[in-house]
Amino acid sequence: MVASAPPAPLNRRELSQYVRRIGDRWPLERAFLGGARVADTKGALPQRQRGPEYVVLLVSSLFDGVPWLERVHQAGALWDAAEMGDRADVHCYTPVELERKRQALRVVRETVDSGLDLLPAS
C-alpha cells in the first residue's frame, strides 16, 4: 500500500490578500472557503468524490444591483490560482441571496457550515 502525501497547507497569506482585493471593490460582510483542499486539511479521506478544489463564498450587500455573472467573473479574476494551487468555484451573494442559496445548494450550505471563515471576528 502506498502512503498518500499529507495535504498541502493552505496559503493563508494569499487568502488574506484575496479577501483584501475583494473588499477593495465590495465591502464583505461574510467570506468562507470550502472545497476539497479545505476538507483535506480537516482530515478527509483521500478516496472520496473530491468536488471543486476550492469553493469561495463571498457575501456583500453591495452585490445588490450587480448582475450575478459580473460579480462572479470579477471576483474569480482576482483569485490567484497559481498562488493557491488551483482555481476556485466562486459564489457571490447578497445576505438575502445567501439565505436562499443556503437552503437550495448543498455546496453553499457545506461551505458556510464547515468551511473556513475568512473574516474572523476581530
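For this structure, a couple of remarks:
- Residue count, region 23-63 (criterion: farther than 16 Å from ASP89 by Cβ and not in a helix (DSSP H, G or I)): 13
- If you go through region 76-112 and pick out every residue that is within 14 Å of the chain's Cα centre (by Cα) and over 20 Å from GLY51 (Cα atoms), you end up with 4.
- In the condition set (1) at pLDDT 95 or above; (2) in contact with a strand residue (DSSP E or B) (Cβ under 8 Å, 6 or more places away or on another chain); (3) not small (Gly, Ala, Ser), VAL38 is compliant with all but (1).
- Applying the condition of being more than 18 Å from TRP26 (Cα to Cα) and among the acidic types (Asp, Glu) to region 90-122 and asking which residue is surrounded by the most Cβ atoms within 10 Å (Cβ to Cβ) yields GLU110.
- Residue within region 77-91 that is in contact (Cβ under 8 Å) with a residue 40 or more places away in the chain, of a type in the set (A, V, I, L, M) and part of a loop (DSSP other than H, G, I, E, B) present: yes
- Set side by side, the residues ALA75, ALA81 differ, and just one is of a type outside the set (Asp, Glu), touching a Cys at 6+ places or on another chain (Cβ under 8 Å) and surrounded by 12 or more Cβ atoms within 10 Å (Cβ to Cβ), which is ALA75.
- Residue match in region 38-45 (condition: surrounded by 12 or more Cβ atoms within 10 Å (Cβ to Cβ), free of Cβ contacts under 8 Å to residues at least 12 places away in the same chain and of a type in the set (D, E, K, R)): no
The values are calculated or read from the model by the stated rules, or taken from the named source; none is laboratory data. Note that the structure is predicted; figures quoted are calculated from it, not measured. Ideal geometry is used to build each Cβ from the backbone, glycine not excepted, and the neighbour counts take in all protein chains shown.
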